[in-house]
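The values are calculated or read from the model by the stated rules, or taken from the named source; none is laboratory data. What you are looking at is a predicted structure, and each value in this text was computed from that prediction instead of being measured. Here Cβ is always computed from backbone atoms with ideal geometry, including for glycine, and neighbour counts include all displayed protein chains.
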Amino acid sequence: MKVNSPLQVYKYLPQTNCGECGEATCMAFASHLLDRSNKIEDCPPILDGKYKKKYLELSELLASEIREVIAGVGETAVKIGGDDVLYRHQLTFFDPTVLAYDVSDTMSEEELVGRVKKISEFKKFYVGAFLKVDMVAVRSTSNDPSKFKAAVKKVTETTTLPLILCSFNPEVLAAGLEVCADRKPILYAATKENWQQVSELALEHKTPVVLFSPGDLDELKTLAVSFKEIGINDIILDPGTYPRGEQLKTTFENFLKLRRAGIKEGQKDIAYPIMATPITSWMVNEDPVTASYWETVLASVFTVKYGDMMIMHSIEPYALLPEVHIRSTIFTDPRTPVRVDPGVYEVGSPTKDSPVIITTNFALTYYTVESDISSNDINCYLATVDTDGIGVQASVAGGQLTAAKIKETFDNAGFDFKEKTSHNTVILPGMAARLQGDVEDTTGLNVKIGPPDSGRIFGWMETNWPPK
Amino acid sequence: MAKKMKINDVIELLKDADVEALEGVTFEGDIELEIDETAAGIDSLFAYTMGQETAKIGLYLLNLARSVGYPVDQIAGMPAQPLAPSVPKLSKLIESKFSVGTNDEWKTQIQEVTLGATSSDGGTRGHTITLGGEKALPYYFDAPMPNRNYVTIDVFDMPIGMAKAVKSNYEDVMEDPGEWAKKVVKEFNADLVTIHLISTDPLLNDTPAVEASKTVEEVLQAVDVPIVIGGSGNPEKDPLVLERAAEVAEGERCLLASASLNLDYERIAAAANKYGHVVLSWTQLEINAQKELNRKLMKQCGVDRDRIIVDPTTAALGYGLDYAYSNMERIRLAGLIGDEELNFPMSSGTTNAWGAREAWMVSSPLKEDSDWGPREYRGPIWEIVTGLTLALGGNDLFMMMHPGAVKVLKEITQTLFGSIKTDEIDLSNWVAEVVA
């Protein structure tokens, strides 16, 4: 992005404050273009002919430093790359790392379909939404075009997720494209050996293409410059992910170098998304748990540092769960508030016999507790104490969750236990058990100690509620 | 009606025009730009072949056409009919060299802090460990990292509840902190041992400080690695407990965990100064509080710079690790560019990862989730990923619990540090060679 103040952006807008974009003013729209919560195309007037020049100029000024490549079609299409900063606290990272999991064309049909289904169906609830994975990578281990074609076809019949077609043999890739080109798959990969044929495939089918040059950034740039020259812009760079030793250290450095060149030094001819292949862990680890663990380690390293897409093999929950969570960690927008407003919230339809549960106003804590309660159809009052956005355990240790703060929460909310409850009781989080006496003295309420994890509230209620 | 022009003619034609590069227009195949003279009023048809010059000229022409009101984007979007057949335009690759600079803003070195003292320095440790000293972000190519990451394994002065996957490693030693310490050093390769005096908590056993300090002596005798001494986290009692522990460990250059703004940090700092220890400066995910506490320790309490390590707080993967990671990364970047209140080695309570339900719970409490699988494999990887993420944010010292997690975290951090050599492998045909 070449602009950094709303005023700079405003100069290119119609300046009519027409409101068609949904913002009150063009200036407000300008600031949302800067933080990328709006797109220029949200402004209907600027698309009109007379603003065409400004539209194009502004598009260029607002373009991300790292090219954004789109693969797949429809709702499951993925955006890859698109970053503007080297550190997430400087703005935020855009386009979360695209996670792909492999199948191969020598797998039995049953195994292939089973894996594809697991990949497509995986979901993990987190802060109001489900974390999922994004793509299926079809590897040709047969090197046989007809086998590959059949495997690709089977995958497209089983899932709507976008595909990565993986082979260094252009004939194999061509065979795969015959049955899925309309799904805009990614071609993996062009190398210094096969680049001519693979570039033709990418041009003909208008598909994104990965350039693969293990351990050699000069060669990678040579490929990128050449593909750009041919007219291919949807490029993803794979500098090779070596799974261990000094080669892995060099791999890490290569990711840093590519991204620094693209963002800090503005080297446009190398400013493309970067991909990692943690799956190479399986080349050096025989034991499946060890291989899966190391694969997750590599995936984590390259999620934190600049991997925009990656291919993995393990679809065990102990691989998928940390992988989707580290991605969400790194790509959560740090500008989003950490806290929810303190107060006493109703979950479901609480009555006088419903429990009153205490938690903190750290957003993650609040949403976790709230979803645990509502998912189990528990009606209750959830009292959210202002702990400066710190979680339960840490705020008990740090003195932000105290009896006085708890009392203040109910007082400020005008919550009268005599009127609202039949039991005059609050439930403290298990992690805050040490506050029990203080809370009893300060509030005059009965205090029960809940479970240390809100995931256990349902089971806890069965034996502990209503209070005797 | 076709008229050919040389490239120089076009450049001449365009040199006085206000032309700009056009983003977003892609040329595919050989360029043959056709402008209908009846529609545009331009009496030329340009056809060019081959190479970069062509593409650039195409852009200039489009801009020129636009400037006279020609509907350029319709042309650019036209079907490929006027394009030449799809043959690669390049007969060989355009050789290029990649280069990138180093970061010249990182001018300040992170403070080096040594833990442990050998007999030559008045202690009884077998060796010392030095943390910090970085001149760049961790594992970056800008400057070599002088010291590797280290792991200290938790030992408690009483049996405590812990996740099953962790507990199974320590059941035989839980009653005996000395044996526990030996086990983590000998069997689990701990670089240091942390003895947590949690039984001193008034809400637990309320063990008196004097008695608790005996456990410290016991651990010092059981192992010869540098040690970390932790209190119970009770802000009233910790200064007392750590003061007494510091006294019995005089000269051993232990890490006292911790000084914080919500307790009497002056007493802990004074004990470190008097008995020759290092202070862990602990704040909660707040960079300005970290600056404030470090400043107070240095200016108000007279703690030397080489006796401060900071713990900016570790939140588990999925439970605020995003804040913990960015907080550490910001602290480290601030240190590297010259903030002398923040350029200290960092420590992480990585054990906090076990608080995440994904690490220990038998199955998901939410019926909508996919199966979480066996928990004994989820816990260690949760601890590893939590620690590894913070390693990438600049953390130096890891306080951990699960032996398997320690092993893997050491392997990846030492690989990125550069001390693990293996045979080279050839990736050139990985697509077919990965057998899984």
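The table for this structure:
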read-out	value
Candidate set from region A:352-371 (those that are of a type outside the set (A, V, I, L, M) and surrounded by fewer than 22 Cβ atoms within 10 Å (Cβ to Cβ)); member that is farthest from residue A:468 (Cα to Cα)	A:367
Which listed residue, of B:327, B:262, B:343, is surrounded by fewer than 21 Cβ atoms within 10 Å (Cβ to Cβ) and not basic (Lys, Arg)	B:262
Flag if residue A:328 is closer than 30 Å to residue A:262 by Cα, assigned to a helix (DSSP H, G or I), modelled with pLDDT of 95 or more and among the hydroxyl-bearing types (Ser, Thr, Tyr)	yes
Residue list for region A:325-349, restricted to those being closer than 17 Å to residue A:414 by Cα and either within 10 Å of chain B (Cβ to nearest Cβ) or without any contact (Cβ under 8 Å) to a residue 60 or more places away in the chain (or both)	A:341, A:345, A:346
Meets criteria (closer than 20 Å to residue B:155 by Cβ and either facing chain A (nearest Cβ under 9 Å) or among the polar types (S, T, N, Q) (or both)) for residue B:349	no
Entirely in region B:375-436, the helices (runs of 4 or more DSSP H) that have 1 or more residues that are assigned by TED's automatic domain parsing to the domain that holds residue B:361	B:375-393, B:403-417
Test: residue in region A:225-233 that is more than 7 Å from every other protein chain (Cβ to nearest Cβ) and of a type in the set (Val, Ile, Thr)	yes
Residues located in region A:118-157, provided they are part of a helix (DSSP H, G or I), more than 30 Å from residue A:364 (Cα to Cα) and either touching a Lys or Arg at 6+ places or on another chain (Cβ under 8 Å) or not polar (S, T, N, Q) (or both)	A:145, A:147, A:148, A:149, A:150, A:151, A:152, A:153, A:154, A:155, A:156, A:157
Odd one out for residue A:2 among (1) surrounded by 14 or more Cβ atoms within 10 Å (Cβ to Cβ); (2) touching a helix residue (DSSP H, G or I) at 6+ places or on another chain (Cβ under 6 Å); (3) in a loop (DSSP other than H, G, I, E, B)	(1)
In region A:376-411, the residues that are free of Cβ contacts under 8 Å to residues at least 24 places away in the same chain and either more than 26 Å from residue B:350 (Cα to Cα) or part of a helix (DSSP H, G or I) (or both)	A:394, A:397, A:398, A:405, A:408, A:411
Among (1) touching a residue at least 24 places away in the same chain (Cβ under 8 Å); (2) in a helix (DSSP H, G or I), the one test that residue A:207 misses	(2)
Only one of A:337, A:342 that is crowded, with 16+ Cβ neighbours inside 10 Å and of a type outside the set (Phe, Trp, Tyr)	A:342
Residue identified as polar (S, T, N, Q), surrounded by 19 or more Cβ atoms within 10 Å (Cβ to Cβ) and more than 7 Å from chain B (Cβ to nearest Cβ) among A:251, A:222	A:251
Verdict on residue A:314 being outside any helix (DSSP H, G or I), within 9 Å of another protein chain (Cβ to nearest Cβ) and either buried (at least 24 other Cβ atoms within 10 Å of the Cβ) or among the acidic types (Asp, Glu) (or both)	yes
Residues located in region A:335-358, provided they are touching a strand residue (DSSP E or B) at 6+ places or on another chain (Cβ under 9 Å) and not hydrophobic (A, V, I, L, M, F, W, C)	A:339, A:341, A:342, A:343, A:345, A:346, A:348, A:350, A:354, A:355
Filter result for the condition that a residue is under 20 Å from residue A:210 (Cβ atoms), assigned to a strand (DSSP E or B) and not polar (S, T, N, Q), over A:173, A:187	A:187
Residue in region A:135-147 that is touching a residue at least 60 places away in the same chain (Cβ under 8 Å) and crowded, with 20+ Cβ neighbours inside 10 Å present	yes
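Residues are listed down the side, and each one gets a yes or a no for (1) in the same structural domain as residue A:99 (by TED's automatic domain parsing); (2) modelled with pLDDT of 95 or more; (3) more than 20 Å from residue B:328 (Cα to Cα):
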{"residue": "A:324", "(1), (2), (3)": "yes, yes, yes"}
{"residue": "A:356", "(1), (2), (3)": "no, yes, yes"}
{"residue": "A:359", "(1), (2), (3)": "no, yes, yes"}
{"residue": "A:366", "(1), (2), (3)": "no, no, yes"}
{"residue": "A:370", "(1), (2), (3)": "no, no, yes"}
{"residue": "A:376", "(1), (2), (3)": "no, no, yes"}
{"residue": "A:383", "(1), (2), (3)": "no, yes, yes"}
{"residue": "A:388", "(1), (2), (3)": "no, no, no"}
{"residue": "A:399", "(1), (2), (3)": "no, no, yes"}
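Yes or no, residue by residue, for (1) small (Gly, Ala, Ser); (2) over 25 Å from residue A:314 (Cα atoms); (3) free of Cβ contacts under 8 Å to residues at least 40 places away in the same chain; (4) more than 9 Å from chain A (Cβ to nearest Cβ):
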site: B:332; (1), (2), (3), (4): no, yes, no, yes
site: B:337; (1), (2), (3), (4): no, yes, no, yes
site: B:364; (1), (2), (3), (4): yes, no, yes, no
site: B:380; (1), (2), (3), (4): no, no, no, no
site: B:385; (1), (2), (3), (4): no, no, no, no
site: B:389; (1), (2), (3), (4): no, no, no, no
site: B:394; (1), (2), (3), (4): yes, yes, no, yes
site: B:403; (1), (2), (3), (4): no, no, no, yes
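So that you can scan it fast, the table gives a plain yes or no per residue for (1) part of a loop (DSSP other than H, G, I, E, B); (2) in contact (Cβ under 8 Å) with a residue 12 or more places away in the chain:
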site	(1), (2)
B:94	yes, no
B:98	yes, no
B:102	yes, yes
B:107	yes, yes
B:126	yes, yes
B:131	no, yes
